[in-house]
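Reviewing the structure listed below.
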Amino acid sequence: MTHYLLVANWKMNGLAGDIDEAIRIADGCTHPNHQVVICPPAPLLSRMSTILDHENVHLGGQDCHSSKSGAHTGDHSAQMLADAGANYVILGHSERRAFHHETSELINLKAQAAWQAGLTVIICVGESESERLEGRETEIVGDQLSANIPVPESGKGRLVVAYEPVWAIGTGRVAEKAEIANMHQFIFQFCQRHLASEDSIPILYGGSVNATNAVDIFSVPHVSGALVGGASLKAKTFNPIFHSLPN
Ligand code: PEP
């Protein structure tokens, strides 16, 4: 049976009162093979981790610093995320690349710190609308992947790639099935070239995934799940996506 992964990116949304929503997500998303990762804002992580106790539900951070500790006001390290109960961290989300000017090289330094801290890294890649219109989408995604693959020994088996076309994030526009298929095939082949034959890297799709389009998206070859933003904030919109995963 194929294993799927569904990641809930809460972004900068959620207060203590919303932990109940995470419980409703965890209670409603049980499956022996499919995994859920809830990535709340960092201040909620430790409280969530003391409350959630579901075998297939994990917690993740949305970013980390590349250093272990030090004079970095306002930042948190990968080790701190792990200490607060996270097993995963999202790195290189397009909002961090755009609003915090993160380069693929910096994202790789963060990934190395995260692997050292024992986390699984979810690296986001994706082209902007103008890059796609110029026909440069595989060049852009290839460059973003090259900075992070091959994976060092410390990260072996602990990398997930999330393909998120920037123009599909939070816009209600979903990439066509053929566009998703072409890019996932490209990423799959890229990873294959750099992996030992027994390893595989899950490839998630992200960008306006919801209960209506999920079945179609999950039917595309080399789609191993999804990274969900807006629809992940409530169990009533997230759980039906989970139940759209192939059995
Ligand atoms: C995201 O934040 O990574 C994302 C895909 O958001 P949305 O599902 O809202 O498009």
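Could you grab me the full set of residues in the range 68-101 that are more than 16 Å from the ligand (Cβ to nearest atom), among the polar types (S, T, N, Q) and surrounded by 15 or more Cβ atoms within 10 Å (Cβ to Cβ)? Correct list: Ser77, Gln79, Asn87. Within the option set Phe238, Phe186, Phe190, being of a type in the set (Phe, Trp, Tyr), over 26 Å from Leu145 (Cα atoms) and under 19 Å from the mean Cα position of the chain (by Cα) holds for one residue only, Phe238.
Scanning the range 62-105 for residues that are of a type in the set (A, V, I, L, M) and under 25 Å from Ala8 (Cβ atoms) returns Ala78, Met80, Leu81, Ala82, Ala84, Ala86, Val89, Ile90, Leu91, Ala98. Scanning the range 205-243 for residues that are touching a residue at least 40 places away in the same chain (Cβ under 8 Å), surrounded by fewer than 22 Cβ atoms within 10 Å (Cβ to Cβ), within 11 Å of the ligand (Cβ to nearest atom) and part of a helix (DSSP H, G or I) returns a single hit, Gly230. Whenever a residue of the range 79-107 is without any contact (Cβ under 8 Å) to a residue 40 or more places away in the chain and within 29 Å of Thr50 (Cβ to Cβ), its partners that are assigned to a loop (DSSP other than H, G, I, E, B) and of a type in the set (Lys, Arg), lying with C-beta atoms within less than 8 angstrom and at least six residues away or across chains, give the pairs Gln79/Lys68. Within the range 119-139, residues that are of a type in the set (S, T, N, Q) have Cβ atoms under 9 Å from residues that are in a loop (DSSP other than H, G, I, E, B) in these pairs: Thr120/Asn87; Thr120/Gly157; Thr120/Arg158; Ser128/Pro165; Ser130/Arg136; Thr138/Glu127, counting only partners at least 6 apart in sequence or on another chain.
Computed from the coordinates by the stated procedures, all read-outs in this text should not be read as laboratory data. It should be emphasised that the depicted structure is a prediction, and the values quoted were computed from it without experimental measurement. Glycine gets a Cβ as well: all are built from the backbone with ideal geometry, and neighbour counts include every protein chain shown.
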